There are 2 protein chains.
Amino acid sequence: MIKDSALETVEVAQALKLLGDKTRLTIMGLLNVRECCVCEFVEMIQMSQPSVSQHLRKLRDARLVKETRKGQWIYYSINQEYEGYPLVKDILRYVKGAEEQLEALEKAGLSIRCT
Amino acid sequence: MIKDSALETVEVAQALKLLGDKTRLTIMGLLNVRECCVCEFVEMIQMSQPSVSQHLRKLRDARLVKETRKGQWIYYSINQEYEGYPLVKDILRYVKGAEEQLEALEKAGLSIRCT
DNA sequence: TCATTATATAAGTATATACTTATATACTCA
DNA sequence: TGAGTATATAAGTATATACTTATATAATGA
């Protein structure tokens, strides 16, 4: 057991439940590379904007991610102040594909369309 | 990213979803200390036998645990051959309380009642 | 100020999930 | 072989979840 972990079993379970959804895990995998705005997720994970927003809200409510408004856009990033941050980072070591996906997006010039 | 991981994002998500339930996470926490039979789980997590069996079935179907019949009892243990075993072990480092719970159970002589 | 773009929220719906109770199966031992 | 114990499974139900479509809010820039 990690002694310094302030997390109760319920809290670990809550984090795992949130990450236990393919869409949210993919979102977190992308955020593990760099911060992203909502429209980038919509593009990359091929999902409706409301659906993406709802997933982001759950992640934000549980403090796994944080948001920063930059003008018209809201950028999401992994919240390093979340108590379960070390757990989340450990788990994300097992999630692949994010780098490749983001490269493809940048080649396609989509990050430009979004800025 | 862990390069040797054979797990696709969906598979990681599936494992996390299974662990993202308080009952199942507790079960895995106990199994991380030693193998247990069903009646021990029933006693320790204060849950009905069918409910425990159903959770164990899900864990077994996904290969996170394996079962061994020993006469009248079926002992469950963590399946080291599961592709996500390293992930599971990593996660269980964050789950506390199992040792204390098992000690209490042994003091109460419950493992005897079960053997 | 108005049109446009980005995002959030609300409401509805279908499916998944985690229990419950009742019953079946499997093993042990007298 | 039959009673007792351990476990699994089936069926029912209430709640949670992840979408959908429609609409609201917020910022930008002409």
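The values are calculated or read from the model by the stated rules, or taken from the named source; none is laboratory data. All of these numbers come straight from a predicted model, not from anything done at the bench. Please note: Cβ atoms are built from the backbone with ideal geometry, for glycine as well, and neighbour counts cover all protein chains shown. The area values use the complete protein model at the heavy-atom level, side chains included, leaving out ligands, DNA and RNA. Shrake-Rupley method; radii C 1.70, N 1.55, O 1.52, S 1.80 Å.
Return one number: the angle in degrees, 0 to 90 and rounded to the nearest 10, between the long axis of the Cα atoms of helix B:9-19 and the longest principal axis of the Cα atoms of chain B.
Orientation of helix B:9-19: about 20 degrees from the principal axis.
Expressed as a whole percentage, what fraction of the accessible surface of the protein assembly as shown belongs to carbon and sulfur atoms when a 1.4 Å probe is rolled over the protein heavy atoms?
Carbon with sulfur: 48 percent of the solvent-accessible area.
Between A:ILE2 and A:LYS58, what FRET efficiency comes out of the Förster formula 1/(1 + (r/R0)^6) with R0 = 35 Å and r the beta carbon distance, rounded to 0.05?
0.90
Using modelled amide H (1.01 Å from N, peptide plane; none on Pro or chain starts), what sits under 5 Å from the amide H of B:VAL65, excluding residues fewer than 5 places away?
Under 5 Å from the amide H of B:VAL65 lie the amide H atoms of B:ARG60, B:ASN79, each far enough along the sequence or on another chain.
With every protein chain present, what is the per residue accessible area of chain A (1.4 Å probe, Å²)?
53
Please compute the length gained on full extension between A:SER77 and A:LYS89, using 0.36 nm multiplied by the number of residues separating them and subtracting their Cα-Cα distance.
3.1 nm
Each residue of segment B:41-58 in turn: what ³J(HN,Hα) in whole Hz from Karplus with 6.51, -1.76, 1.60 and θ = phi - 60°, glycine and Pro shown as x?
Each residue of segment B:41-58 in turn: 4, 3, 5, 6, 9, 6, 9, 5, 4, x, 4, 4, 4, 5, 5, 5, 4, 4 Hz.
Using a 10 Å cut-off on Cβ to Cβ distances, tally the other chain neighbours for every residue of B:21-30 and report the average as a whole number.
The mean count of partner-chain Cβ atoms within 10 Å per residue comes to 3.
Going by the alpha-carbon gyration tensor, a ≥ b ≥ c the square roots of its eigenvalues, is segment B:17-73 rounded (a/c under 1.5) or, if a/c is not under 1.5, prolate (a/b greater than b/c) versus oblate?
Taking the square roots of the gyration eigenvalues as a ≥ b ≥ c, segment B:17-73 is rounded.
Any idea what angle helix A:98-107 forms with the longest principal axis of chain A, computed on alpha-carbon atoms, 0 to 90 degrees, nearest 10?
Its long axis makes an angle of about 20 degrees.
Classify chain B: rounded, prolate or oblate, from the alpha-carbon gyration tensor (a ≥ b ≥ c, eigenvalue square roots; a/c under 1.5 rounded; otherwise prolate if a/b is larger than b/c)?
Because a/c hits 1.5 or more and a/b exceeds b/c, chain B counts as prolate.
Rounded to whole Å, give me the distance from the Cα center of segment B:16-40 to that of segment A:1-59.
24
If you average the sequence gap of Cα pairs under 8 Å that are 6 or more apart and divide by the length of chain B, what percent do you get for the contact order?
31
Taking chain B as the reference, fit the longest principal axis to its C-alpha atoms, fit the long axis of helix B:22-31 to the helix C-alpha atoms, and give the angle between the two in degrees, 0 to 90, nearest 10.
80
Sort B:63-73, B:82-92 by the packing proxy (mean of other Cβ within 10 Å over each peptide's residues), most packed first.
Highest-to-lowest ranking by the protection proxy: B:82-92, B:63-73.
Rounded to the nearest 100 Å², what's the accessible area chains B and A bury against each other, both chains counted, probe 1.4 Å?
By this definition, chains B and A bury close to 2700 Å².
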